[in-house]
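Q: Supplied in structure tokens, the structure appears directly below.
The values are calculated or read from the model by the stated rules, or taken from the named source; none is laboratory data. Keep in mind it's a predicted model, so treat the numbers as computed, not measured. Cβ coordinates were reconstructed from backbone atoms using ideal geometry, including for glycine residues, and neighbour counts include every protein chain displayed.
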Amino acid sequence: MSKPLNPKKEKKDITINKLKGLGQSIVDDVSKNEIPTLNIPSRGTGNIVYDEDKRYYVLGDRYGKRSLGNVKQIKKMGQMMHVSNFCKNLVSTEKTATLREMYYVSEGWGMGFSDQNESNILAEDLEVTVGASREDLGLMPEEDGASVYGDILLKEGDVEINALKSGKSGYTISPTIDEVEFIGHNVERVIAVETMGMFHRMVQEEAYKKFNTLIVGLKGQAARATRRFLKRVSTELKLPVYICNDGDPWGFHIAMVIISGSAKLAHVNHDLATPDAKFLGVTASDIVKYELPTDKLKEVDVLRLKELAKDPRYRNKQWQDEIKKMLKIGKKAEQQAFSKYGLEYVVDTYFPEKLEEIEN
């Protein structure tokens, strides 16, 4: 009788083998009296392509070479091997380290980084070179995860967690969200909101009951673990995902990174982007229709809107119309602007109208 598969162990073994293979390629070059060289997929803008079928950014087929034959690249090659070995030890011992911790650990390597940004970039180089996500390599960000509130049962290790019974701040999405098991749920949709102010408003007004929904507080630009959570509930639980952000170019972009991924993370967008997610608002049309309190667009807002208009992710007519309308009215509005009509208005009136409009 064959043993049952252990996905976590399988992924661990695959990651370790990839990291060992990277080091072995250097050893093989040396044994053949060849100059050790690594081929690293280019993450430059010229190699980032918007895939119309997948509906997110992917990497093209261009590679750069990093070689010990180039004096300027010797240090980078050494750092890459140190980071690779550091990650192999993390994965082997089932530990994790923050990117900040790795930066400080590198001080003991004798070829440390000039700043954390440099070490972060090299971690991304390793990600794309071995074809494993940062999380698979045991590297975690510093930021807290987003909050989830609603009737979903999750399992972390041996602990079962109901996000409806985890206090008013709900369940905090784990950086290792792929190791969290979805046990069951009793919801029909997911509504993600940009600000924690709106998250708490929805919890207080019991939006989770009214719309039979999970509420996700994004805390601004969604962290990778948050995007992975939204991707998983969309694909594994088949739940529709809706995103409600501030009515300005920055809110639009936060939503679009969830929907179609980011150019910077083209190498992992297949795990992070949720192309079927829908933008729930706030739109320029909402600003006009609901006569919301507004702020005047700043020059930087105008420039950003014009950039979005040229971005392939905003190519469809609805996005183009909303961008043009916002430029025309010259105004932007926050989610909390609906409070003009009372604290309950956004849950009692706005969301029902918007959901009906989108779902029907």
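Q: Any idea how many residues of segment 101-121 are in contact with a Ser or Thr (Cβ under 9 Å, 6 or more places away or on another chain) and modelled with pLDDT of 90 or more? Walk me through it before giving the result.
A: Here is the first cut: in segment 101-121, the residues in contact with a Ser or Thr (Cβ under 9 Å, 6 or more places away or on another chain) are 102-103, 106, 112-113, 119.
Keeping just the survivors that are modelled with pLDDT of 90 or more gives 102-103, 106, 113, 119.
Final tally of qualifying residues: 5.
Q: Also, I was wondering about something else. Counting just the residues of segment 283-337 that are assigned to a helix (DSSP H, G or I) and small (Gly, Ala, Ser), which one comes out farthest from Met198 (Cα to Cα)?
A: Of segment 283-337, the ones assigned to a helix (DSSP H, G or I) are 284-289, 299-310, 312-314, 317-329, 335-337.
Then keep just the ones that are small (Gly, Ala, Ser); that gives 284-285, 309, 337.
Working: Ala284: 19, Ser285: 20, Ala309: 27, Ala337: 11 Å.
Across segment 283-337, the extreme among qualifying residues is Ala309.
Q: Would you mind telling me which numbered condition in (1) more than 18 Å from Phe279 (Cβ to Cβ); (2) in a helix (DSSP H, G or I) Phe351 fails?
A: (1) is the only condition that Phe351 fails.
Q: Of all residues being of a type in the set (A, V, I, L, M) and touching a residue at least 40 places away in the same chain (Cβ under 8 Å) in segment 299-322, which is surrounded by the fewest Cβ atoms within 10 Å (Cβ to Cβ)? Just the residue, please. Spell out the reasoning first.
A: Pass one, segment 299-322, residues of a type in the set (A, V, I, L, M): 300, 302-303, 305, 308-309.
Retained after the next criterion (residues that are touching a residue at least 40 places away in the same chain (Cβ under 8 Å)): 305, 308.
Working: Leu305: 21, Leu308: 19.
Checked segment 299-322; the qualifying residue surrounded by the fewest Cβ atoms within 10 Å (Cβ to Cβ) is Leu308.
Q: Could you tell me whether Glu118 is acidic (Asp, Glu), without any contact (Cβ under 8 Å) to a residue 12 or more places away in the chain and in a helix (DSSP H, G or I)?
A: Spelling it out, Glu118 is indeed acidic (Asp, Glu), without any contact (Cβ under 8 Å) to a residue 12 or more places away in the chain and in a helix (DSSP H, G or I).
Q: Let me ask something else. So which of Gly69, Gly78 is surrounded by fewer than 16 Cβ atoms within 10 Å (Cβ to Cβ), part of a loop (DSSP other than H, G, I, E, B) and not aromatic (Phe, Trp, Tyr)?
A: Details: Gly78 fails: part of a loop (DSSP other than H, G, I, E, B).
When all the criteria are applied, what remains is Gly69.
Q: I would also like to ask the following. Any residue at all in segment 217-234 that's of a type outside the set (Val, Ile, Thr), at pLDDT 95 or above and over 19 Å from the mean Cα position of the chain (by Cα)?
A: The answer is no, given that none of the residues of segment 217-234 is of a type outside the set (Val, Ile, Thr), at pLDDT 95 or above and over 19 Å from the mean Cα position of the chain (by Cα).
Q: Quick test of your reading of the structure: Ala207 fulfils all but one of (1) assigned by TED's automatic domain parsing to the domain that holds Ala337; (2) at pLDDT below 95. Name the failing condition by number.
A: With (1) assigned by TED's automatic domain parsing to the domain that holds Ala337; (2) at pLDDT below 95 applied to Ala207, the lone miss is (2).
Q: Mind listing whichever residues of segment 161-183 are more than 17 Å from Arg232 (Cβ to Cβ) and either touching a Pro at 6+ places or on another chain (Cβ under 6 Å) or of a type outside the set (Lys, Arg) (or both)?
A: Restricting attention to segment 161-183, the residues satisfying the condition of being more than 17 Å from Arg232 (Cβ to Cβ) are 162, 164-169.
Answer for segment 161-183, where residues must be more than 17 Å from Arg232 (Cβ to Cβ) and either touching a Pro at 6+ places or on another chain (Cβ under 6 Å) or of a type outside the set (Lys, Arg) (or both): Asn162, Leu164, Ser166, Gly167, Ser169.
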